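For reference, the structure is listed below as structure tokens.
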2 protein chains.
Amino acid sequence: MRDEATAFVPGHITGFFSAHPHDDPTKAGSRGAGLTLTDGVEVTVEPTTASEPTVVLDGDEIEVEPVRTVLETLDAPARVEAESDLPLGAGFGISGAMALGTALAANRVFERTLSTNELVTIAHGAEVQAGTGLGDVVAQAHGGIPVRLEPGGPQDNKLDSIPARARVEYLSFGELSTADVLSGDTDRLTEAGRNALSRVVEEPTLLSFMYASRLFAREAGLLTDRVAETIAEVAAADGQASMAMLGETVFALGTGLSDAGYEPSVCATHPAGAVLK
Amino acid sequence: MRDEATAFVPGHITGFFSAHPHDDPTKAGSRGAGLTLTDGVEVTVEPTTASEPTVVLDGDEIEVEPVRTVLETLDAPARVEAESDLPLGAGFGISGAMALGTALAANRVFERTLSTNELVTIAHGAEVQAGTGLGDVVAQAHGGIPVRLEPGGPQDNKLDSIPARARVEYLSFGELSTADVLSGDTDRLTEAGRNALSRVVEEPTLLSFMYASRLFAREAGLLTDRVAETIAEVAAADGQASMAMLGETVFALGTGLSDAGYEPSVCATHPAGAVLK
């Protein structure tokens with residue numbers, strides 16, 4: 001057994017999605033597309049002799065159900081310490097990143113000799129089961145600008161990506177509960193997500209992704225007033241912005257938010273998926 | 001149309017493989033596993049008005065059939081300029097890297113709006129058709145330490161990976177012709193490749209990959225004397241080395257070759273697949 005291991009998992013902003021439930025959480029998931037980000041989560045796992053695992057995010061002990069599930073699945077009694085510049089609950093896939101980072105690092109520390117696909121499957125299943133996300137984990141394992149053509153873990157899904165990279169700005173006004181939205185009526189959302197995906201498959205470019213994302217946010221009825229205003233202001237300054245699914249968060253390409261007079265956080269698309277450090 | 005675009009494609013050392021021919025070159029390919037490398041190829045594509053494309057590697061004009069095929073498929077009359085620290089023909093997947101880098105960069109320059117999978121399919125098919133490689137392109141698009149479970153381009157293949165990273169040393173004594181080996185009797189090679197893959201699927205770790213690779217090189221009858229001696233010297237110094245498929249090249253984890261008294265080139269596994277710069 002090693003002393004500890006650390007993984008970096010990129011943040012993931014979903015631009016649009018459709019939900020695809022399944023009795024088996026490793027087959028359930030979402031179709032959609034998003035941006036993985038150079039801003040992400042660094043997850044360190046070290047063995048503990050305590051009877052219960054400890055999970056810490058930015059110094060505060062928190063309960064993250066998918067992380068606990070991953071540790072149980074890997075039979076890994078551990079202390080998990082995560083650090084991130086991204087806000088929690090605002091549409092950046094923090095819970096997915098913590099689950100995936102825990103899987104990668106715990107596999108190394110406890111020498112579980114699982115493959116990447118197996119670890120991603122475990123983290124994805126744990127996230128779906130907890131209701132905290134449907135597509136972040138597989139996107140974060142992939143990196144770049146993933147397009148999720150078929151739902152589920154790596155054994156079942158089908159991924160493509162947009163061959164591009166971009167500077168990304170973001171601004172978060174607050175949280176939206178993924179679990180609340182996903183437990184509500186998702187028919188309208190699924191229809192809007194299907195339309196958006198068709199558009200991006202037909203033309204896999206950043207511009208069409210942003211267009212499809214804005215249309216999705218409107219059609220799915222998820223825009224809040226503040227988010228809609230900010231997106232309009234970015235458009236007025238000739239920029240491209242949309243809403244992160246699911247958070248009260250606006251993201252923009254290039255200098256979109258800065259040009260509209262905001263002081264956003266700045267990062268970029270992340271070329272790689274999650275990695276051990 | 002843009003002025004130019006540049007892509008970086010990691011080098012790829014195949015540790016073992018089995019050949020899987022198919023009438024459709026996008027479905028043909030190989031199973032196997034390898035290391036993608038931080039040493040790779042930077043490929044710049046710029047439009048040309050000349051009637052024939054130009055392909056330059058490290059300042060010398062050369063003929064690379066898969067690159068020419070990619071340019072024709074994308075209807076992209078271009079000058080392709082590649083730079084690499086890796087030796088050509090020595091088992092680092094240079095031709096695959098040039099084909100894939102050309103596809104990514106030409107798609108951007110000529111605004112062909114293809115997806116990553118489509119570009120990888122084109123580059124993979126061009127490489128297989130030319131007989132210069134069977135699995136490098138899909139591995140180089142993936143990054144990390146890819147395990148190719150099913151052959152072919154992204155529409156058909158199945159990839160997993162070993163969740164690890166490593167410092168990599170290498171030393172090249174010279175070229176081996178991929179086309180010669182692949183056009184010969186590949187039954188013994190295929191059997192050895194199948195055994196090696198089973199081993200790595202069962203235990204997807206770096207150590208088992210190195211062990212399976214050494215066994216493959218011996219069983220497939222591809223070891224040259226110089227390579228066999230060097231691998232033995234690394235083993236005598238408690239290191240892990242094997243032979244790059246296909247080149248007269250020895251690669252080692254960590255400081256394997258240095259510890260055995262050699263002065264190797266040094267790089268590391270590359271966390272990401274091919275990327276536009």
Worksheet entry | Rounded Å value of the spacing that divides the Cα centres of segment A:192-237 and segment B:77-112 | 34
Practice prompt. Per DSSP H run of n ≥ 4, the term is -39500 (n - 2.57); total these for chain B, divide by its residue number, and report the mean residue ellipticity at 222 nm rounded to 500 deg cm²/dmol.
Written response: -11000 deg cm²/dmol
Discussion item. How shielded is B:109-117 by partner chains, expressed as the average number of their Cβ atoms within 10 Å of its Cβ atoms?
Written reply: 5
Discussion item. Compute the orientation-averaged projected area for segment B:155-262 from the convex hull of its Cα atoms and round it to one decimal in nm².
Written reply: 7.5
Worksheet item: Other chains near B:100-107: what is the mean number of their Cβ atoms within 10 Å of each residue's Cβ?
Response: 1
Discussion item. With Kirkwood's inverse mean 1/r over C-alpha pairs for Rh, give me the Rg to Rh ratio of chain B, two decimals please.
Written reply: 0.97
Item to complete: Can you tell me the dipole magnitude for the protein assembly as shown around its Cα centre, using point charges on the Cβ only (Lys, Arg +1; Asp, Glu -1), in Debye to the nearest 20?
Response: 680
Worksheet, complete the sentence: Among B:Met243, B:Met210, B:Met98, the residue with the largest mean-square fluctuation in a Gaussian network model of chain B built from Cα contacts under 10 Å is B:Met210
Worksheet item: What residue among B:Ala192, B:Ala217, B:Ala237 has the largest mean-square fluctuation in a Gaussian network model of chain B, using Cα springs under 10 Å?
Response: B:Ala237
Fill in: Distance histogram in 10 Å bins (all Cα pairs of segment A:161-208, percent per bin)
19, 31, 43, 7
Response to the item:
The alpha-carbon pair-distance distribution computed for the protein assembly as shown, with 20 angstrom bins and whole-percent values, is 23, 53, 23, 1
Discussion item. Treating only the Cβ of Lys, Arg, Asp and Glu as charged (+1, +1, -1, -1), what charge dipole size does chain B show about its Cα centre? Round to the nearest 20 debye.
Written reply: 880
Worksheet item: Within a Cβ distance under 10 Å of A:Ser95, other residues only, what is the Lys/Arg minus Asp/Glu net charge?
Response: -3
Practice prompt. State the percent of C-alpha pairs, over all pairs in segment B:28-101, separated by a distance greater than 21 angstrom.
Written response: 27
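None of the figures in this text is laboratory data; all of them are computed from the coordinates on show. These numbers were taken from a predicted model, which means no experiment stands behind them. Heads up, the Cβs are rebuilt from the backbone with ideal geometry, glycines too, and the neighbour counts pull from every protein chain shown.
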